[in-house]
Every structure is written in C-alpha cells, then in structure tokens.
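Peer 1: Pasting in a structure now, in structure tokens, and then I'll have a few things to ask.
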C-alpha cells in the first residue's frame, strides 16, 4: 500500500510563512503575559483517562482521542468494556491538566499562582474553518485568588495582548453563571434542568429568542415557565441598565455580593481599557464547559464571525483532585483563529531583522568560502538575518523565491571574481 503524503484529517502541515507569524505571536503573548506576572508551565499531552472523563469538560469528553493500554496490560481477549482497554487520552484542553498540575505541586507554587500555558490539544471534532483536530491553545490562569481581581487581570492581560497584535473593534462579552442560574430559578426551572436550559439558551445568536422559546417548549418545559424566562431577556434589552434591572428582578435568587462584584469587574476594565475593544454584558452567554462556577467571558471578533477565545471562573475543580476548595479563573485565546485572521489580513511582522542572502557559486575556493562564512557571522552578530546558500542554475527563480520570503538584499560570490 502506498504511503499517504497528506496529514491526517483535521490536522495540518504548517508552512514557513505561517510558522514565522506563529512564532512572532507566541513571542508577543509570552512577553505581554510576563509583564502581568504570569509564569510559563508545561504539562504532558497525555492525561489519565479518569481525569479527562471527570465530568468537567462538557461535550469535549465525547471527543477524546483515547490511548490503548500497552504491553502486558493490554489484554484484548479478556476485555469486556472500554475501561479494560484504555488508560489514557490526549488532552482536549489545558485546564484539566493545569488543575492536576496545581494539585500535585501546590506546596511548591506561589499563592496566588499565575500560570501561562501554551500547547497543542486534540479533539475528535468535525473540522471546519478555524477548527482542527489538533490545535494550539494559549491559556492564562490564576489559582488561589478568590476576589474579582483575577477576572480584571485576566481580561486586561488578554485584551492588551490582542491590541499588540493590531486587533481592534472586538468585544469581550461577559456574564456570570450565578446570574444565569438565578434567572432560571426565578422563572421556575428546577436545578437539574439548568444544563438543558442553558444548552438551548446558548443557541440564541443562531435561532433568536423565539427559537429558544420554541425549543424549550419542545423539550417539555411548562409554557408558563418558558414565557416568564424568555420575557426576562426581552425586558433586559429595553432596560437602561440591564445589570441593575435583572439583579433587582431576580432578587434573593441571586447570591449576595454577585451584583457588586460583577459591576466592579466591568467598571475597573472600562476605566483602563482604551478604545480598541468593547466590554459588553451578554445575559445569553453560557460557555460550554460545565466546570464554570461564576464569571464567564468570551472574545467576539467581527472578522471571524464567532468566538476567538473565552474563559471564566472554575472554583470547584481543584476540589475534585484534592478535596480542598481553591478559587480559580482562566482565559484562553483562540490561537489558531487569531493566526487564521492574521494570515488572511496579510499581516506583516513589524521591525523584522534585515534579511540578506549570500549566494555562492559552486566551486568557490576554500579560502574564499571561509571568508564568506566569517563575514556572514559578523553580520549576524550585528543583528541581520543572513542566509548562505549555493546558487541554483535558475538564479532568477531562486531570487524570486527569496524575495517572497522577505529577503531584501543579495550578495553574490563567484569562484572567478572577474565575473
């Protein structure tokens, strides 16, 4: 059977031009997040299958690339269930690995711990524009900070990074899971129905309020409850201050202090954010992960027509590993979608080093070759990017290719200097 030269479906080869932009974006991300006090960590790409299936990853748990047991542990003839065959899986996000990492090293880490993690994750998803089965994630998280300072720092660090990459006119949509639950409780939904209600609500941007109402009724919920629930969203749109209106309306169904904390996050970000993005309260924002417990946020970019990142507070996850409750909050940039938008816009890396190509004719004398290499080294020390390459027969085509790669200057060296 002939070998396939194409990558596996949902995965891609990265050509040099894109890799150059990816490396630049990574450098901007690391430099900016470091200025906010985040430190880099790394976790393995393979996690224990029990961790990945801990009911924290929502729909992503259905998309795990699972790994068979190895060697003597793999007993195919005795297997009666998947548990007998599988003991690991490729991580589908960076949050579950981070929480395991923190649980394992908490005594060695500062409090609060501000982590930056970048790495590939894998999901057996249906590939589409900006969505792959292997893709880079870029997460910042703060563990051990119970106050809303965590949310404020995460939003400002993320938006500052996007601003440095020349993104403008985007939105940070913000909501709170506790507000979502208070609205559902006020309307009459039982707590065990919240997940179903929120999954349908999450379709609001696609099917509209009438569509949400119809799907809730179709799902078997009482029409009076559905009517009361959907009226909340309609009236919020008309309210001058939607946060004040909804928190006053749901009253004691909302935990004490949520309104003031939520308002403080918005006011603090608004006071310092500049004019290149907008912070918007979105009561329909749900976020798919079931581990979120409080504030949630999402990046909406008009160029992409969808989410380019998001995050929120997940105060109960560390407890799953250690039995001890530790406050935690994180924000993830949609790295692959950011790269896609930069590539499509013709993004040019600013302040690139001057790129010079030394083209050497074949048969160059030994002493001349040594001089050329020495000169190239000196120019590299001076901050230039020097490519040393043999001349091709079709020198014009070779130069055209190098020009396309950003080379601005050419120096040619012949075995016969008279030429």
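Peer 1: Looking at segment 57-73, is at least one residue in contact with a helix residue (DSSP H, G or I) (Cβ under 9 Å, 6 or more places away or on another chain), farther than 18 Å from residue 292 by Cβ, at pLDDT below 85 and exposed (fewer than 13 other Cβ atoms within 10 Å of the Cβ)?
Peer 2: no
Peer 1: I need the full set of residues from segment 262-279 which are surrounded by 15 or more Cβ atoms within 10 Å (Cβ to Cβ) and not in a loop (DSSP other than H, G, I, E, B), in order please. Spell out the reasoning first.
Peer 2: Going residue by residue through segment 262-279, those that are surrounded by 15 or more Cβ atoms within 10 Å (Cβ to Cβ) are 262-266, 268-269, 273, 277, 279.
Listed by number, the residues that qualify are 262, 263, 264, 265, 266, 268, 269, 277, 279.
Peer 1: Also, I was wondering about something else. In segment 61-104, which residues are under 30 Å from residue 330 (Cβ atoms), without any contact (Cβ under 8 Å) to a residue 40 or more places away in the chain and touching a strand residue (DSSP E or B) at 6+ places or on another chain (Cβ under 9 Å)?
Peer 2: Within segment 61-104, 66, 67, 82, 86, 87 meet the criteria.
Peer 1: As an exercise: evaluate residue 119 against (1) in contact (Cβ under 8 Å) with a residue 12 or more places away in the chain; (2) closer than 29 Å to residue 263 by Cβ; (3) surrounded by fewer than 20 Cβ atoms within 10 Å (Cβ to Cβ) and give the number of the one condition it does not meet.
Peer 2: Only one criterion is unmet by residue 119, namely (2).
Peer 1: Testing residue 87 on (1) assigned to a strand (DSSP E or B); (2) within 26 Å of residue 14 (Cβ to Cβ); (3) modelled with pLDDT under 95, one condition comes back false. Which one is that?
Peer 2: Answer for residue 87: the failing condition is (2).
Peer 1: Can you tell which of 220, 211 is closer than 30 Å to residue 61 by Cβ, free of Cβ contacts under 8 Å to residues at least 24 places away in the same chain and not in a helix (DSSP H, G or I)?
Peer 2: Values: 211 fails: not in a helix (DSSP H, G or I).
Within the list 220, 211, the selection yields 220.
Peer 1: Return the residues of segment 247-258 that are surrounded by 13 or more Cβ atoms within 10 Å (Cβ to Cβ), out of contact with any strand residue (DSSP E or B) (no Cβ under 9 Å at 6 or more places or on another chain) and assigned to a helix (DSSP H, G or I); say none if nothing qualifies.
Peer 2: 247, 249, 250, 253
Peer 1: Against the condition over 30 Å from residue 313 (Cβ atoms), surrounded by 10 or more Cβ atoms within 10 Å (Cβ to Cβ) and touching a helix residue (DSSP H, G or I) at 6+ places or on another chain (Cβ under 6 Å), how does residue 389 come out, does it pass?
Peer 2: Values: over 30 Å from residue 313 (Cβ atoms): yes; surrounded by 10 or more Cβ atoms within 10 Å (Cβ to Cβ): yes; touching a helix residue (DSSP H, G or I) at 6+ places or on another chain (Cβ under 6 Å): no.
So residue 389 does not fit the description; no.
Peer 1: Conditions first: (1) touching a strand residue (DSSP E or B) at 6+ places or on another chain (Cβ under 9 Å); (2) over 25 Å from residue 316 (Cβ atoms); (3) surrounded by fewer than 14 Cβ atoms within 10 Å (Cβ to Cβ). Residue 23 passes all but one, so which condition is the exception?
Peer 2: Against the list (1) touching a strand residue (DSSP E or B) at 6+ places or on another chain (Cβ under 9 Å); (2) over 25 Å from residue 316 (Cβ atoms); (3) surrounded by fewer than 14 Cβ atoms within 10 Å (Cβ to Cβ), residue 23 comes up short only on (1).
Peer 1: Hey, among 28, 8, which residue is surrounded by fewer than 14 Cβ atoms within 10 Å (Cβ to Cβ), touching a residue at least 12 places away in the same chain (Cβ under 8 Å) and over 30 Å from residue 324 (Cβ atoms)? Explain how you work it out, then say what you get.
Peer 2: On the way: 28 fails: surrounded by fewer than 14 Cβ atoms within 10 Å (Cβ to Cβ).
Checking each option against the conditions leaves just 8.
Peer 1: Can you name every residue in segment 187-208 that is part of a helix (DSSP H, G or I) and either touching a residue at least 12 places away in the same chain (Cβ under 8 Å) or surrounded by 14 or more Cβ atoms within 10 Å (Cβ to Cβ) (or both)?
Peer 2: 187, 193, 194, 195, 196, 197, 198, 199, 200, 201, 204, 205
Peer 1: Does at least one position in segment 125-145 carry a residue that is more than 23 Å from the chain's Cα centre (by Cα) and at pLDDT below 95? Spell out how you get there, then give the answer.
Peer 2: So in segment 125-145, the residues more than 23 Å from the chain's Cα centre (by Cα) come out as none.
Scanning segment 125-145 turns up no residue that is more than 23 Å from the chain's Cα centre (by Cα) and at pLDDT below 95.
Peer 1: In contact (Cβ under 8 Å) with a residue 12 or more places away in the chain, over 30 Å from residue 92 (Cα atoms) and part of a loop (DSSP other than H, G, I, E, B) - does that describe any residue in segment 370-381?
Peer 2: Taking every residue of segment 370-381 in turn, none turns out to be in contact (Cβ under 8 Å) with a residue 12 or more places away in the chain, over 30 Å from residue 92 (Cα atoms) and part of a loop (DSSP other than H, G, I, E, B).
Peer 1: Any idea which of (1) assigned by TED's automatic domain parsing to the domain that holds residue 333; (2) crowded, with 19+ Cβ neighbours inside 10 Å is the one residue 156 doesn't satisfy?
Peer 2: Of everything listed in (1) assigned by TED's automatic domain parsing to the domain that holds residue 333; (2) crowded, with 19+ Cβ neighbours inside 10 Å, residue 156 misses just condition (2).
Peer 1: Here are some conditions: (1) under 21 Å from residue 305 (Cα atoms); (2) touching a strand residue (DSSP E or B) at 6+ places or on another chain (Cβ under 6 Å). Residue 150 meets all but one. Which one does it not meet?
Peer 2: It is condition (1) that residue 150 fails.
The values are calculated or read from the model by the stated rules, or taken from the named source; none is laboratory data. Bear in mind that the values here come from a model prediction, so they are computed numbers and not experimental data. Here Cβ is always computed from backbone atoms with ideal geometry, including for glycine, and neighbour counts include all displayed protein chains.
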